[in-house]
Every structure is written in C-alpha cells, then in structure tokens.
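**Q** Here it is, the structure in full.
The values are calculated or read from the model by the stated rules, or taken from the named source; none is laboratory data. The model shown is predicted, which means the values in this text are computed figures rather than measured ones. Every residue, glycine as well, gets a Cβ built from its backbone with ideal geometry; the counts of neighbours run over all protein chains shown.
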Amino acid sequence: MDAKTQKYDRQLRLWGNNGQAALESAHILLVNASAVGCEILKNMVLPGIGQFTVVDAGQVTLDDIGSNFFLDAESLGKSRAERAYELLGELNDDVQGHWASKDILSILAEEPNYLSKFSVVIVSNVSQATARKLAYLCSKDTTFVWVKTVGLVGQVRIAIPEHVIVESHPDNVADLRIDSPFLELASYATSFNFDTEDTMEFGHIPYVAILLKYMEEWKQTHGGKIPSTYAEKNQLKANIRAGMRSPDDENFDEAINSVLRSCQATVVPSSIKELFKDEKCENLTTDSSTFWIILRAVRDFVEDSGKSSGFLPLSGTIPDMKAQTDSYVTLQSIYKGKAKQDVEDVTKNVNSILERLGRAAESITSQEIESFCKFSAFLKVICYRSLEDEYQHPKTKQIASWLADPESVFPYYVILRASDAFFEQEGRYPGEGPSDGTVWEEEDVPKLHSLVAGLLQSWGLERDAVPRDLTYEICRYGNGAIHNIASFMGGVVSQEIIKLITHQYIPMDNTFVFDGARSVSAVFSL
Amino acid sequence: MVDAQSTLTLDDSQRWAGVYKLLDRSSLIHPEFEPVDQIKEFIKEAKILVIGAGGLGCEILKNLALSGFCNIHVIDMDTIDVSNLNRQFLFRRADVGKPKAVTAAAFINKRVQGVTVTPHYCKIQDKDEDFYQEFALVICGLDSIEARRWMNATLFGMFDPENPDTMKPLIDGGTEGFKGQARVILPGNTSCYECSMDMLSKPTGFPLCTIANTPRLPEHCIEWASVLEWPNKHGERKMDTDDPKDIQWLYETALARAKQYNIQGVTYSLTQGVVKNIIPAIASTNAIIAASCCNEALKLASTSAKYLNNYMMYSGNDSVYTYTFEHQRKDDCPVCGNAVSKMEFRGDKTLEEFMDFLKEKPDAQLKKPSFAIAGKPLYLQAPKSLEEALRPNLLKPLKDLVSSGDQITVTDSTLPFSLQVEITLV
Ligand SMILES: [Zn+2]
C-alpha cells in the first residue's frame, strides 16, 4: 500500500479513489478567516483537497485567537489571511494553499471572473449585500456556501444551480427481479431439486431460487399476477413456510424474511421517470453534461423493451445468502452477466448519442457508464434555489407552517435575517459591544424585534410569530463567536462540501440551522 | 524558562468575548441562569478529564481549550499511526510512533496560551478512583466499547448519593463514517452507557461452518485465513494486525482460497478492514460530535444554557439529520438499575451454550465470562487450576447445575461490575 493510501485509508473506505480524486482536484475559496471558516478548511485540508485560498483584509485580534484555533498569540496584529493560510497549510503537505490580504470586493473589482476558478466559495462574516453579490457572481459550476455563527446558533446556506448524484450510497442496491426473472435466472431457479433426500443439499438451496419457485407457482394459480396485498404476501410466506422441512432450514427463513422487500413488481421508480421527462434529458446539446447524456442513453434502453423489458439496467449485486459456494457463485455470475449485458446496451446508446452530438466516444468512460447503470434506480438531481429567489420570492406558506411548530429552530433564521437588516441600519450587529451593561437589553432587543416583526409582516404573516425571548437570546449572544459552535458548523459544512465535490452521498437542500442551546437542528428548503 | 510568549498577558474579556457574553448576560429561555463572576473562575480552574487523544480527542482538547477551560488532563495508551493523520490534526508525519496523549498535550499547550493540558500515557484501567475523583467532568472520545463500559461503570461505582461531590458527569461521543452520537450521562439521574448496549449493532461474525465449508464472500475467505489457517501455519505465534507482513500473509492466503472457490473481491485493503475491524473515520464527523460534547460540557459547567437531556444522534449520509431525545434508564441495567435481569434458557442446553449466548447477546457482549451461584463457582476463567477443575461443568446441561429462579452471578475480567441473572429453565 502506498503512503497516500495509508494516510487516507479511513476515508477511502467511505468515498473510494473516485471521491478522493475529485477532492484532489478541488480548489476552495474562504472569504474571511473566521473561526467557522477555518474549521471548515481544517476538515477539508486534512482529507486532502487540492488547493485552498484564504481572502481576508483584516488583522488578527484578541477576539480571533480566543475563538479560532488557526490564529494564535503570535499572530496578533498580523494579516489574518496569511496566518490562517500558514497554520492551516501545515496540516497536510499534499495540499497547496494561497492567501490574499485584500477585501473580496476589491479583488472582484479588479478581476470580475475571480470566483470562476474555485469549485467552492465559502463566505462568513459578511453583510447580506456582499453575500448576495458573491452568490450571484458564482458560476453554474461553483458551489456557494454562506455560513453564520452567532453565539450558540449556527446556520449555513448552500446554493448551486444543479447538483447530480450517481453514487448516493443507498443501503441496498439489490434488484433481484423475482417477479419477472430474465431467461438465465429462470432456468437457474429450475435447476434445484426441491425433492432431494439430502438435507444438506435442501438446506443450501439459495433463497433467491426458493422465492423464484414459489413466486412462479403463485403466478400460475393467480392468472399471472404477483401477490400485491399484505394478505397475499402473507399467503406467499405461508406457502414457503409449508415447504420447509426442519426449523433449521435457514434458507427458507431468509426467503420468508425477504418476501416483503423482494417480491414487489419491478418498476422504474417515479423519481427516475421524472428525470427522464426533464427537458435536459429530452433535449441534449453539445454542452450537455455526462450525467444527462448517460441518463438519456438509459432512457433509450428502457424504452427498447426487447432489451430491457422496460426495466432499468440491472444493478448486478446480490446479498449474501445461505448456499453452497458453487450455487452462490453461479447465481452471482448470472446477475453480473445480465448487468454487463445491460451496460453494453447502454454504452451503445451513449456512443450513438455522442456521435450525434459530434463528441468523441472516449469523452465518457466505461467506468462512468458502469457505475451509472449500477445505481440507476437511485440517481438524484438537486436544483438549489438561488439566494435571489429566496429573498425575492419567499416561500411564505412553508415559512408559516415552520413557524407554527413551537419546537422548530426556524425562528432563528428569521432573527438572523433581521440581524442583517439591523447591521445595515446601525453598522453593527445586535448585542455587540462589551458583555456587561444594559444597552443591549434596553435598546437592541426592541429594535431587533421590530425588524423581526417587519420581516414577518412583509411575508404576510403575523407580526408576533417569532417569540421575543428568542430575539432576546440572539441579542444576548451579541454576534459572539463561540468555538464549539464554530467547530460544529465547520464539521457540518465540510461534510456537505465533501458530498458536493465527490458527487457521493446526498447533501442537504438548502439551509441548515443548529440551536446549540437545545442541541437541535433542522434543514429548510428556502 | 521565561520567554517572550509566556510573559505576554492576554485580556480575558476580549479574548473570550464570545463565551463571556453568554456568561455575563441573562437569558429569557433559560431564566434559572444567574450570571455571576464565580462561573468564569470555575471554568478556568475546573479539572476536566478527556479520555482518548484520537480523532475525537484532538477535537475535544482544542474545543475545551478554546472554551476557556485551563486545567485539562488527557489519557491515551496509543501511539500515532500514519492512518491517523487524515483527521487527528494535532499530529504530523514526524510524530508517527510517539504517544498521542503527550504529543496532543504539547501542541495545545503551545497553541493556546494559559491552558495546561496534562498527558497520561497509559490505560484508563491503570488509574484508580482517587485519580478520577479529582475531576469535575469526564469527556470520552473513544472507539472501544470495552473502555467506555469500564469508564461508565467506574464513575457510577464512585457515585454516593449522600455526597454530591462524587457525581461525575460523563459526556460520551462516538462516530462511524458520516454518523455519530453525543450524550450526557449523570450518575443517579440519567440512563448510562450500559443501558444502551442493545442499541449497538451486533458484532459482525460469520458462522464457522460457512467459513470452513461454504465460503461465498471475500470476507469469508479472509476470516478463514485469520481464524483457521493462521493457527495452523503459525502455531503459537499471535497475529500482529499492525504488522504489514502479517496482513500481507493473510491477504495472500485469503486470495488463494478465493481463487480456488471463484470468489472475487479479496483485496489488501479489505483484508486489513476485516481483521482489524476498521471503522471509517473522517475529520468532519469527529468535529461535529466533539463539538457537541464540548458544547454540553460548557453548558453543564457554566449553567448558562440547558444541557442535553440526554442523547443526540447525528447522521450525514442523506442530508443532515439530528435527533435529540431522552434515552430511558433500564431497570435491570447491571450498572445503574435495581432490578435483576431475567432470562429464559433451555435446561437441556449446556453451560457452554449459555456462555456463547451471553457472548453474542448485544446488551451483554461478554468476552470471558465466569459463573457462580450464591458464591459457589460454576465456572471460572482463572486461576488455571480452578478453570481446569470446573471445565467439565461447561458440558453439563444447565438443568443439572441450576434450578429455575436461581440467581447466577456473571463476571468478566474486562468489566468492573457483575451481572445478576435470574434464570428460568424452559
Ligand atoms: Zn444503566
């Protein structure tokens, strides 16, 4: 095992070499070296992203070193960007770091396309206006992340126009086709002797063969239909149980236990049918991404029922089951063989699409097609709402229902929005300033709460839909950075970024709010 | 040694501005909180114990230091391995082979001024109750079930309801891949670690007959190589799963068997994963769970907000999901419960079969159990002479050794408590 595999062993078991390669080609921009921003980068530098850049015009203060592990006493008065770059960079020799002690807006004034070289842009400690501007400037290939921590509350918003996932890592990808076995599978099932005298042989008939036999018998006595109601499925279970010879026939137990899951009609899931109907699948162009091209090829395959029987490509994976080695390996190769055949058919479709689009056949690898076919029942496309849509076309009905739940953390989203408005008016955040004294309580709380009421009213909601105690709590926090919350949010955000960069697992859509006072959280699609 | 750095004094109220706002200001959602200056002093002076300086431990030490805790101790018996570097950020390549506790403590002491982390390079079992008695709070960031059971039982054993100073809150964190949990355990008040043993997934193991006769998966071949073939070929020499040579041998042996049976998928990495029981681990999940633990520690120590009651689960595979709930005490918990645990078992089964049952039972998971009734031993793992004398009992049917209603005392050298089982023979 090489040195890199050794170092990354524990994470490669989660996202494999593909995921790692994606991380290594990513370049992440951090706007402002806040505590939470540096915590996010820490969790990205450690697993080995390609590059990171820290942009921050400020100098290190006492407040910084009390909340940010990557700024120390030696850093006081020095460039925050440079020190964060140095202390984060030493975490991993394989990662290349950069820094600029400048304001992001002045960089953009000189270089309007600056953001386009980054895979992810993370902003924190910026005004609402700046965040919206940066979100707007991110291209369709750059993920925008805006994270806030205020006292014990944390919030993150993610936006990218389109995110596609092939390897969503579902718990179970097995697609056994018990209801409609393909030819090789059907003849495999009949190769077992259910009348054998040999108890060892009988006890090792793979449960898939048992299911196929009893399902076939069911269909013959039910006009070709498979059991659909709960009662019918129980009857099928009873039929199988009646075939058992001894309570030790674990293979029959396995068959009975998988009736509910495996004896369903094989169909194309509705979520995938929706994708088939998507305009991007319908009308491919020379700019179409790999995902949509292979998806179209899969759709063409499904529509060619002579080849597919109208089903998605077979995953080719089977679970372990009580069986003799030979019969298990044979069964495995039957499923794998069919899966391979399906991949070949899809590949032909991909190639003819590429030819039609005037693109090279090699532009999509066989590995990509294979993996796409294997997980074709679990594909996912997330189209994040833009920040502009969130602000200009608020989902007021949804918001009303979230606010109606007294346990919800949603009020903090509203109060943090109002805090941004407070900042625009006052040039400081509510509750900022010395921690003693009463100004925050007497002046800031009512001011902030009236901004909360105004925001609610602008959405057509009751002005008092957010409890004043929570507004008070945000003022109490006084925009203070508490390291535990920065670190918690740093963990959550980096995890989401890893999922987005690797296109594996499913990221949240689109806003996560954490209340550290109650240790509860929720995701809202705003 | 006096250097420029140690003479530099930092203004606490500026440096800890974020935390101090929380401590100086009252709250309407938690009106019980009274902001008094003694709280800040308490945070600075309270002795906090961190168990484990690994993935969670590194994060916990950093978080405590930046929460204003200045007197921290850490115990860890491990040394640094290359595969730790993808998340244990207090260590560098040059540190490989050094004790984790010592290296982590030195790093924090240098990075965060005014904080003293004291390392203990040893096992938790090497320390006695007097040692644990000194701490205000214990935070566990371990991957070993055994060590957590020990720590949990020890802190509960120290608790005297008449003496509040003996109540040591235990905050426990654990992770696996994109998932994890944080919980607060208060002796005399909440459920304990032992109460939740049944929430753990069953230890994975394959039936011996599958490994020996009908292998189907690459894992079966690897288990065959390590469980059956290793003792055959190496006799008394124990396998060292940290030695690449031993892993290589297992890999080649498993691969040969897989070829013979036409089984695909045996790799070096899978071999290592199976024999070392490797759990995927990444920086981000550790950060989330450790931060939750330390957030609770700060809330508990400062009373500035309600602490977690008592369990938070986190899952990041599909979106971001947390679930916070009150985990219930088990009446028959051998550590914190009063009731005797009741079990039914077939009287014609042997004591050995009963022993195997307890080894696999998720909420028991015993390694080497010994059995006694009313002080009279049925079977003992040690000393050797007694073990040999009592061994014939293992093969006797249970009904020849005990009667329904008997209380069997089960002990295990890895656990600092005993299990009382009221048996009903069926
Ligand atoms: Zn308990």
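**Q** What number of residues within region B:71-112 satisfy the criterion of being touching a Ser or Thr at 6+ places or on another chain (Cβ under 8 Å) and either touching a residue at least 24 places away in the same chain (Cβ under 8 Å) or outside the structural domain of residue B:141 (by TED's automatic domain parsing) (or both)?
**A** So the answer is 8.
**Q** Let me ask you something else. Report yes if residue B:229 is more than 14 Å from chain A (Cβ to nearest Cβ) and touching a residue at least 24 places away in the same chain (Cβ under 8 Å), otherwise no.
**A** yes
**Q** Right, something else. Quick one: residue B:376 ticks every box in (1) in the same structural domain as residue B:39 (by TED's automatic domain parsing); (2) more than 16 Å from the ligand (Cβ to nearest atom) except a single one, so which number is it?
**A** Residue B:376 satisfies every listed condition except (1).
**Q** Give the residue that is nearest to the ligand (Cβ to nearest atom), with candidates limited to residues of region B:309-321 that are in contact (Cβ under 8 Å) with a residue 12 or more places away in the chain and closer than 29 Å to residue A:510 by Cβ.
**A** To start, the set of residues in region B:309-321 that are in contact (Cβ under 8 Å) with a residue 12 or more places away in the chain comprises B:309-317.
If we keep only those that are closer than 29 Å to residue A:510 by Cβ too, we end up with B:311-317.
Working: B:311: 13, B:312: 18, B:313: 18, B:314: 22, B:315: 24, B:316: 28, B:317: 29 Å.
My answer is B:311.
**Q** When you go through (1) away from the ligand (no atom under 16 Å from the Cβ); (2) within 14 Å of chain A (Cβ to nearest Cβ); (3) of a type in the set (A, V, I, L, M) one by one for residue B:184, which number turns out not to apply?
**A** Of (1) away from the ligand (no atom under 16 Å from the Cβ); (2) within 14 Å of chain A (Cβ to nearest Cβ); (3) of a type in the set (A, V, I, L, M), only one is false for residue B:184: (1).
**Q** Also, I was wondering about something else. Criterion first (of a type in the set (Lys, Arg), more than 16 Å from the ligand (Cβ to nearest atom), at pLDDT 95 or above and not in a helix (DSSP H, G or I)) does residue B:306 satisfy it?
**A** The answer is yes for residue B:306.
**Q** Consider residue A:410 against the criteria (1) over 30 Å from residue A:165 (Cα atoms); (2) surrounded by fewer than 24 Cβ atoms within 10 Å (Cβ to Cβ): it satisfies all of them except one. Which criterion is unmet?
**A** With respect to (1) over 30 Å from residue A:165 (Cα atoms); (2) surrounded by fewer than 24 Cβ atoms within 10 Å (Cβ to Cβ), residue A:410 is out only on (1).
**Q** Turning to a different aspect of this structure: Looking at the structure I just gave you, is residue A:454 outside any helix (DSSP H, G or I) and either more than 14 Å from chain B (Cβ to nearest Cβ) or modelled with pLDDT under 95 (or both)?
**A** No; evaluated as a whole, the condition is false for this residue.
**Q** Kindly provide the set of residues from region A:463-484 that are touching a residue at least 60 places away in the same chain (Cβ under 8 Å) and either in contact with a helix residue (DSSP H, G or I) (Cβ under 7 Å, 6 or more places away or on another chain) or facing chain B (nearest Cβ under 7 Å) (or both), ordered by number.
**A** A:465, A:466, A:473, A:474, A:476, A:477, A:478, A:480, A:481, A:482, A:483
**Q** Go through B:261, B:314, B:251 for me and flag whichever is within 28 Å of the chain's Cα centre (by Cα) and not charged (D, E, K, R). Explain how you work it out, then say what you get.
**A** Working: B:261 fails: within 28 Å of the chain's Cα centre (by Cα); B:251 fails: within 28 Å of the chain's Cα centre (by Cα).
That would be B:314, the only listed residue that is within 28 Å of the chain's Cα centre (by Cα) and not charged (D, E, K, R).
**Q** Of the residues that make up region B:275-283, is at least one part of a strand (DSSP E or B) and more than 8 Å from every other protein chain (Cβ to nearest Cβ)?
**A** Taking region B:275-283 and keeping what is part of a strand (DSSP E or B), we get none.
Checked region B:275-283: no residue is part of a strand (DSSP E or B) and more than 8 Å from every other protein chain (Cβ to nearest Cβ).
**Q** Please determine, by comparing only the residues of region A:265-287 that are among the hydrophobic types (A, V, I, L, M, F, W, C) and in a loop (DSSP other than H, G, I, E, B), which one is farthest from residue A:361 (Cα to Cα). Spell out how you get there, then give the answer.
**A** So the first thing to find is which residues in region A:265-287 are among the hydrophobic types (A, V, I, L, M, F, W, C), and the list is A:265, A:267-268, A:272, A:275-276, A:281, A:284.
From the residues that got through so far, the ones that are in a loop (DSSP other than H, G, I, E, B) too are A:265, A:267-268, A:284.
Values: A:265: 35, A:267: 30, A:268: 27, A:284: 16 Å.
Filtering first and then ranking leaves A:265.
**Q** In addition: Residue A:30: assigned to a strand (DSSP E or B), in contact with a Phe, Trp or Tyr (Cβ under 8 Å, 6 or more places away or on another chain), assigned by TED's automatic domain parsing to the domain that holds residue A:149 and not small (Gly, Ala, Ser), yes or no?
**A** So residue A:30 fits the description; yes.
**Q** If you go through region B:355-365 one residue at a time, do you hit one that is buried (at least 17 other Cβ atoms within 10 Å of the Cβ) and more than 16 Å from the ligand (Cβ to nearest atom)?
**A** Looking for residues that are buried (at least 17 other Cβ atoms within 10 Å of the Cβ) and more than 16 Å from the ligand (Cβ to nearest atom), one finds at least one in region B:355-365, hence yes.
**Q** Here's another thing I want to ask about it. With respect to residue A:43, is the statement that it is part of a helix (DSSP H, G or I), under 30 Å from residue B:272 (Cβ atoms) and away from chain B (no Cβ under 12 Å) true?
**A** no
**Q** Go through region B:11-78 and tell me which helices (runs of 4 or more DSSP H), entirely inside it, have 2 or more residues that are among the aliphatic types (A, V, I, L, M) and within 19 Å of residue A:62 (Cβ to Cβ).
**A** It comes to B:17-24.
**Q** Are any residues in region A:72-90 surrounded by fewer than 24 Cβ atoms within 10 Å (Cβ to Cβ) and either within 11 Å of chain B (Cβ to nearest Cβ) or in contact with a helix residue (DSSP H, G or I) (Cβ under 7 Å, 6 or more places away or on another chain) (or both), and if so, which ones?
**A** Across region A:72-90, the qualifying residues are A:72, A:73, A:74, A:75, A:76, A:87, A:90.
Condition check ((1) more than 23 Å from residue B:62 (Cβ to Cβ); (2) touching a strand residue (DSSP E or B) at 6+ places or on another chain (Cβ under 6 Å)) across all residues:
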{"residue": "B:134", "(1), (2)": "no, yes"}
{"residue": "B:139", "(1), (2)": "no, yes"}
{"residue": "B:144", "(1), (2)": "no, no"}
{"residue": "B:163", "(1), (2)": "yes, no"}
{"residue": "B:166", "(1), (2)": "yes, yes"}
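**Q** Residues that are within 16 Å of the ligand (Cβ to nearest atom) and β-branched (Val, Ile, Thr): does region B:142-154 have at least one?
**A** Checked region B:142-154: at least one residue is within 16 Å of the ligand (Cβ to nearest atom) and β-branched (Val, Ile, Thr).
**Q** Need the failing condition index for residue B:256 against (1) within 14 Å of chain A (Cβ to nearest Cβ); (2) of a type outside the set (Lys, Arg); (3) not in a loop (DSSP other than H, G, I, E, B), just the number.
**A** Result: residue B:256 fails condition (1) only.
**Q** With the condition kept exactly as written, say whether any residue in region B:322-341 is outside any helix (DSSP H, G or I), of a type outside the set (Val, Ile, Thr), more than 16 Å from the ligand (Cβ to nearest atom) and over 18 Å from residue B:183 (Cβ atoms).
**A** No: region B:322-341 contains no residue that is outside any helix (DSSP H, G or I), of a type outside the set (Val, Ile, Thr), more than 16 Å from the ligand (Cβ to nearest atom) and over 18 Å from residue B:183 (Cβ atoms).
**Q** Ok, one more. Any residue in region A:435-442 that is part of a loop (DSSP other than H, G, I, E, B), more than 9 Å from chain B (Cβ to nearest Cβ) and closer than 15 Å to residue B:318 by Cα?
**A** no
**Q** Looking only at region B:195-222, count every residue that is buried (at least 22 other Cβ atoms within 10 Å of the Cβ) and within 16 Å of the ligand (Cβ to nearest atom) and tell me the total.
**A** Residues meeting the conditions: 1.
**Q** Just one of B:385, B:370, B:341 is in contact (Cβ under 8 Å) with a residue 60 or more places away in the chain and hydroxyl-bearing (Ser, Thr, Tyr); which is it?
**A** On inspection, the qualifying residue turns out to be B:341.
**Q** Taking the options A:139, A:124, name whichever one is within 23 Å of the chain's Cα centre (by Cα) and modelled with pLDDT under 95.
**A** A:139
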